[in-house]
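See structure below.
What follows is calculated from the coordinates using simple rules that are stated; it is not laboratory data. Note that the coordinates shown come from a computational prediction; the quantities given were computed from them, not determined experimentally. Here the Cβ positions follow ideal geometry from the backbone for every residue, glycine too, while neighbour counts run over all protein chains shown.
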Amino acid sequence: MNLILPEDKPVKPRPEPRNFFIYGATMSGKSYFSSFFPHPLSLNTDGNADQGTTPSVQIRNVRGTDGRLEVSAIEMLDSVVTQLQAGQTTFQTVIVDVIDDICVMIEDAICINAGVQALSDIPYGKGYALFNTILQRFVINLKALPMNVIYVSREISVTDESTGSTQLKPSLKTKYYNIVNGNCDLVIHTQKFGTETYTREVTDRRAAYKPENITNKRVRQLLESCRNMFPVNTK
């Protein structure tokens, strides 16, 4: 490999969000919204892929009659990433739906292979170290793809006992959320009011994006439907 260093001069930044974290309550429109991104592939865990039109791969741990893993979720994820890295597909978006379940499946696969009930049962913290390595590798490999990447998560209500105020947060454990969100450009919260009213709001961002930063027309239109995405005077 012949690595060529860039010229020693400033470069023009190209701020364009490609990695998204979308969270919300059940049936608040997370998967539906994600399905409109260009040429999506869903890595599905909750068994509802047949209810939509998005091509999907069902991610799960497959166990044999003896209880041992025949195919692990880790192997499935590695296979998907390898095929996408080869660049022989027409997919332009990867949807991880839902990332919470993916984390549980990775943990289960490690525990089954080690013959233990929990990661804490693996001596010297090796279980946790292995989990973090696998999750980080998965997230970093997805980020390196020339594609949109969407992580879907559920929602929990957290109440401050001292003030009584309630805050809606992603249900993904904080330590896992930090790994995933640390590689995302936008965080979008979906909500449903009544039976027909759906809203989407950007709650965190890597940069102050402008409409002209979004080169794909469909992605730009989708993001324009999210409150707090662009400054009002640039819409």
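I'd like to check something: does segment 202-223 contain any residue that is within 26 Å of Met27 (Cα to Cα), assigned to a loop (DSSP other than H, G, I, E, B) and touching a helix residue (DSSP H, G or I) at 6+ places or on another chain (Cβ under 6 Å)?
Within segment 202-223, none of the residues are within 26 Å of Met27 (Cα to Cα), assigned to a loop (DSSP other than H, G, I, E, B) and touching a helix residue (DSSP H, G or I) at 6+ places or on another chain (Cβ under 6 Å).
Evaluate the following for Asp8: is it of a type in the set (Asp, Glu), in a loop (DSSP other than H, G, I, E, B), within 20 Å of Ser171 (Cα to Cα) and free of Cβ contacts under 8 Å to residues at least 60 places away in the same chain?
On the way: of a type in the set (Asp, Glu): yes; in a loop (DSSP other than H, G, I, E, B): yes; within 20 Å of Ser171 (Cα to Cα): no; free of Cβ contacts under 8 Å to residues at least 60 places away in the same chain: yes.
No; evaluated as a whole, the condition is false for this residue.
Applying the selection to segment 116-160, what residues are polar (S, T, N, Q) and either buried (at least 19 other Cβ atoms within 10 Å of the Cβ) or on the phi > 0 side of the Ramachandran plot (or both)? Can you show your working first?
To start, the set of residues in segment 116-160 that are polar (S, T, N, Q) comprises 117, 120, 132-133, 136, 141, 148, 153, 157, 159.
Answer for segment 116-160, where residues must be polar (S, T, N, Q) and either buried (at least 19 other Cβ atoms within 10 Å of the Cβ) or on the phi > 0 side of the Ramachandran plot (or both): Asn148, Ser153.
I'm told Lys126 meets every condition in (1) under 16 Å from Lys175 (Cα atoms); (2) charged (D, E, K, R); (3) free of Cβ contacts under 8 Å to residues at least 24 places away in the same chain except one. Can you identify the failing condition by its number?
All conditions are met except number (1).
Has segment 181-195 got any residue that is more than 12 Å from the chain's Cα centre (by Cα) and assigned to a helix (DSSP H, G or I)? Outline the logic, then answer.
Let us first name the residues in segment 181-195 that are more than 12 Å from the chain's Cα centre (by Cα), namely 189-195.
If we keep only those that are assigned to a helix (DSSP H, G or I) too, we end up with none.
The answer is no, given that none of the residues of segment 181-195 is more than 12 Å from the chain's Cα centre (by Cα) and assigned to a helix (DSSP H, G or I).
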